[in-house]
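Quick notes on the structure that follows.
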Amino acid sequence: MLRPRRASAFVRESRPTLDEWRAIVVLLFLLLVWLASRVVLLNQLQQAVGEGVADTRLRLERPAPVLASPAPASSTPGECVHTVLTSNGNSYMNWQTRVMYATWQAAAAAEPGSRERRVMTAFTRVLHRSTDDELMQEVPTQRFTPAHLNCDVYCSFPVADRAPALLAWSRTADAHRCSHLLLVETDYVFVKPLSAALLPAEGRAVGFPYSYIQPEYPSVAPFARRFYPPSLGPLTDIPPTGNAPVLLARPDFDRLVPAWAQLVAEIEADEGAVETLGWVRDMYAWSFAAARTRVKHDLQPPPVNPLMVQPPADTQLGEAVILHYTWGPVIHNASNAVVWEFDKRSYCGGQVCSCRSVRH
């Protein structure tokens, strides 16, 4: 049930193929975006707090946390998309968040039409962490105290508090600014703006099909039946997806998230379910909740999926607006020697730990 950490590309010739060069260009683009975001960030910080800000990794004076507030009694949001990212604020997620938010800003700025007619208008990082972190001054954030305090630094399941935090955020005024929500993760980058034509009607959502979410798999099916009993319908009702990326109308978000949080709690209380569903168990919980709440997820495969592709497994951008760099591409020459590789897991503590460069 585990997703591969890296995808190897073996070539017969000594030089990389066209697809491999495309993967290299995409990944170099990610690094350039990250570097650009650092420059922009330093300029912004110098304007905000004066000269002498040498590095955003320094512990700056933190503002008071953004506290949740109740939604207004009457709310009529305009047609727009609120992009929502979840994180526990560790350094590994934070460098990814910097890149993600910078690309969202670029995509939002590139959206055609007048400012009043654009749909990419809001962004919030939902932070499940016991203390503020360094991004509080960089990224629009609402923080919620988690049940698993050790996840601030390290824990075996760092997304354990994701569903409860998103549920708590859903009850704030911040969550009621737009007609639609786009749920994303830290290791995404926007490559173009989201189109208003993509916004789904109530009762439908746009998502991404994950091959490793298999409700009918022999070892998974008993648990799928437990959390989606036969009285509700066949296992084919359960979409093979997860909580991101998902684009959906706010009423569907308000129905689905409480069911998701409840199912996450039920799965966590079941040792057999935890062991079998593994680290994607909250993704399964989302799929079970989608089936329970009857929110139909449209899951087109790449390259026709309108939300996301995953290079280098996917070699064409197609209709997607997001790249997910979860795969670690490795390029070998004819002698089977590694000539280039990139893996986000090589970047720890916000710094480059090890990453081979192109060898001539």
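The values are calculated or read from the model by the stated rules, or taken from the named source; none is laboratory data. Please read these numbers as outputs of a predicted model, since none were measured by experiment. As a convention, Cβ positions derive from the backbone with ideal geometry for all residues, glycine included, and neighbour counts pool all protein chains shown.
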For THR103: the one exception among (1) touching an Asp or Glu at 6+ places or on another chain (Cβ under 9 Å); (2) at pLDDT 95 or above: (1)
Residue match in region 200-217 (condition: among the polar types (S, T, N, Q), free of Cβ contacts under 8 Å to residues at least 60 places away in the same chain and more than 17 Å from VAL280 (Cα to Cα)): no
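Residue by residue, here is whether (1) more than 23 Å from VAL84 (Cα to Cα); (2) buried (at least 20 other Cβ atoms within 10 Å of the Cβ); (3) more than 16 Å from the chain's Cα centre (by Cα) holds:
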{"residue": "PRO215", "(1), (2), (3)": "yes, yes, yes"}
{"residue": "ARG225", "(1), (2), (3)": "yes, no, yes"}
{"residue": "PRO251", "(1), (2), (3)": "no, no, yes"}
{"residue": "ILE267", "(1), (2), (3)": "yes, yes, yes"}
{"residue": "ARG281", "(1), (2), (3)": "no, yes, no"}
Residue count for region 284-325, restricted to those that are surrounded by 20 or more Cβ atoms within 10 Å (Cβ to Cβ) and farther than 22 Å from PHE190 by Cα: 10
The one condition in (1) in a helix (DSSP H, G or I); (2) buried (at least 20 other Cβ atoms within 10 Å of the Cβ); (3) in contact with a Leu (Cβ under 9 Å, 6 or more places away or on another chain) that HIS180 fails to fulfil: (1)
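Scan region 114-129 and give yes if some residue there is small (Gly, Ala, Ser), within 30 Å of LEU199 (Cα to Cα) and at pLDDT below 95, otherwise no.
Within region 114-129 (the criterion being small (Gly, Ala, Ser), within 30 Å of LEU199 (Cα to Cα) and at pLDDT below 95), the answer is yes, since at least one residue qualifies.
Among the candidates THR145, THR172, single out the residue that is among the β-branched types (Val, Ile, Thr), surrounded by fewer than 21 Cβ atoms within 10 Å (Cβ to Cβ), modelled with pLDDT of 95 or more and more than 18 Å from THR97 (Cα to Cα).
It is THR172.
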Selection within region 289-304 - within 14 Å of VAL257 (Cβ to Cβ) and more than 19 Å from the chain's Cα centre (by Cα): ARG292, THR293, VAL295
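Considering only region 189-203, I want to know if a residue exists there that is part of a helix (DSSP H, G or I), among the aromatic types (Phe, Trp, Tyr) and modelled with pLDDT of 95 or more.
No - not one qualifying residue is present in region 189-203.
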Filtered residues of region 257-272 (kept if part of a helix (DSSP H, G or I) and either within 17 Å of ALA224 (Cα to Cα) or in contact with an Asp or Glu (Cβ under 6 Å, 6 or more places away or on another chain) (or both)): ALA259, TRP260, ALA261, GLN262, LEU263, VAL264, ALA265, GLU266, ILE267, GLU268, GLU271, GLY272
Pairs with Cβ under 9 Å, 6+ apart, first in region 177-198 and polar (S, T, N, Q), second assigned to a strand (DSSP E or B) and surrounded by fewer than 17 Cβ atoms within 10 Å (Cβ to Cβ): SER179/GLY78; SER179/GLU79
Filtered residue count, region 326-346, keeping only those that are charged (D, E, K, R), surrounded by 17 or more Cβ atoms within 10 Å (Cβ to Cβ) and outside any strand (DSSP E or B): 2
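ALA337: more than 24 Å from PRO200 (Cβ to Cβ) and without any contact (Cβ under 8 Å) to a residue 60 or more places away in the chain, yes or no?
Spelling it out, ALA337 is indeed more than 24 Å from PRO200 (Cβ to Cβ) and without any contact (Cβ under 8 Å) to a residue 60 or more places away in the chain.
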Residue list for region 109-140, restricted to those being buried (at least 20 other Cβ atoms within 10 Å of the Cβ) and of a type in the set (Gly, Ala, Ser): none
Odd one out for ALA244 among (1) in a helix (DSSP H, G or I); (2) closer than 15 Å to HIS297 by Cα: (1)
